[in-house]
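Asker: Okay, here's the structure, questions in a sec.
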Amino acid sequence: MGNLYIFQSRRKAGRDLTHWHLNYESIEPYPVEEVKTDLFLNDKDYLVEKMVFGKNRKEVDKTTIIYNKKITLSAIPLKAYEYIVNGKSALEWIMDRYKVTKDKKSGIVNNPNDWSDDPRYIIDLVKRIVRVSLETVKIVNSLPDLNEK
């Protein structure tokens, strides 16, 4: 493999990664299964307090995220967790940051449900981050080894 091939493949990978990472809010959400307790949900049913992983017996099941009491996301590919940002998967960052918290000193409540007028914003964001993570892993894994001749 020549330096030109390596350069061109890395340039294409950079462009593709730029597309996915800059447009994450407008890309098609990954078709994660939404399991709902009710047939019809209203806007308030999409509010999130704190997302947690499902459990399979006593073990954590990362293919499932309990979004709230009425919605569970399942069939999340484990490959999506291979995209790591500062020691944590992108999905785990979303789960950590998109939860209601209250500052102990000031009493100020940080509520991610207030950040958008779209009641589905957070749930669709999770699904979009699954897609971005999968595409990122696919692109990075397709890069040629710099030591290949």
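The values are calculated or read from the model by the stated rules, or taken from the named source; none is laboratory data. Since the structure is predicted, the reported quantities are computational estimates derived from the model, not experimental observations. All Cβ positions, glycine included, derive from the backbone under ideal geometry; neighbour counts span all protein chains shown.
Asker: Kindly provide the set of residues from region 127-148 that are free of Cβ contacts under 8 Å to residues at least 40 places away in the same chain and not in a loop (DSSP other than H, G, I, E, B), ordered by number.
Answerer: Residues satisfying the conditions are 138, 141.
Asker: Taking region 16-50 as the region of interest, how many residues are touching a strand residue (DSSP E or B) at 6+ places or on another chain (Cβ under 6 Å) and of a type in the set (Val, Ile, Thr)?
Answerer: 2
Asker: Follow-up. Which pairs turn up if I take residues in region 74-102 that are under 16 Å from residue 21 (Cβ atoms) and touching a residue at least 24 places away in the same chain (Cβ under 8 Å) and look for partners that are assigned to a loop (DSSP other than H, G, I, E, B) and not acidic (Asp, Glu) with beta carbon separation below 6 Å, at least 6 apart in sequence or on another chain?
Answerer: Hits for this filter: 90/83.
Asker: If we scan region 66-81, do we find a residue that is under 15 Å from the mean Cα position of the chain (by Cα) and surrounded by fewer than 11 Cβ atoms within 10 Å (Cβ to Cβ)?
Answerer: Yes: one or more hits.
Asker: Next question. State the number of residues belonging to region 32-53 that are out of contact with any Lys or Arg (no Cβ under 8 Å at 6 or more places or on another chain), at pLDDT 90 or above and either of a type outside the set (Val, Ile, Thr) or loosely packed, with under 12 Cβ neighbours inside 10 Å (or both).
Answerer: 7
Asker: Looking at the structure I just gave you, is residue 15 under 19 Å from the mean Cα position of the chain (by Cα), without any contact (Cβ under 8 Å) to a residue 40 or more places away in the chain and surrounded by fewer than 12 Cβ atoms within 10 Å (Cβ to Cβ)?
Answerer: For residue 15, the condition - under 19 Å from the mean Cα position of the chain (by Cα), without any contact (Cβ under 8 Å) to a residue 40 or more places away in the chain and surrounded by fewer than 12 Cβ atoms within 10 Å (Cβ to Cβ) - is not met.
Asker: Among the listed residues 105, 88, identify the single one that is farther than 30 Å from residue 8 by Cα, at pLDDT 95 or above and of a type in the set (D, E, K, R).
Answerer: On inspection, the qualifying residue turns out to be 105.
Asker: It is to be established whether one or more residues within region 21-40 are more than 29 Å from residue 141 (Cα to Cα), basic (Lys, Arg) and out of contact with any Leu (no Cβ under 7 Å at 6 or more places or on another chain).
Answerer: Yes: region 21-40 contains one or more residues that are more than 29 Å from residue 141 (Cα to Cα), basic (Lys, Arg) and out of contact with any Leu (no Cβ under 7 Å at 6 or more places or on another chain).
Asker: Mind listing just one residue for me: the one in region 121-149 that is of a type outside the set (A, V, I, L, M, F, W, C) and under 14 Å from the mean Cα position of the chain (by Cα) and, of those, surrounded by the most Cβ atoms within 10 Å (Cβ to Cβ)?
Answerer: Looking at the filtered set, the residue picked out is 133.
Asker: Within region 82-94, count every residue that is in a helix (DSSP H, G or I) and basic (Lys, Arg).
Answerer: 0
Asker: I would also like to ask the following. Return the pair list, or none, for Cβ contacts closer than 8 Å from residues in region 49-62 that are free of Cβ contacts under 8 Å to residues at least 12 places away in the same chain to residues that are of a type in the set (Asp, Glu), at least 6 apart or on different chains.
Answerer: Pairs found: 55/61.
Asker: Only one of 46, 30, 24 is hydroxyl-bearing (Ser, Thr, Tyr), closer than 25 Å to residue 101 by Cα and in contact with a Pro (Cβ under 9 Å, 6 or more places away or on another chain); which?
Answerer: Result: 46 is the single residue among 46, 30, 24 that is hydroxyl-bearing (Ser, Thr, Tyr), closer than 25 Å to residue 101 by Cα and in contact with a Pro (Cβ under 9 Å, 6 or more places away or on another chain).
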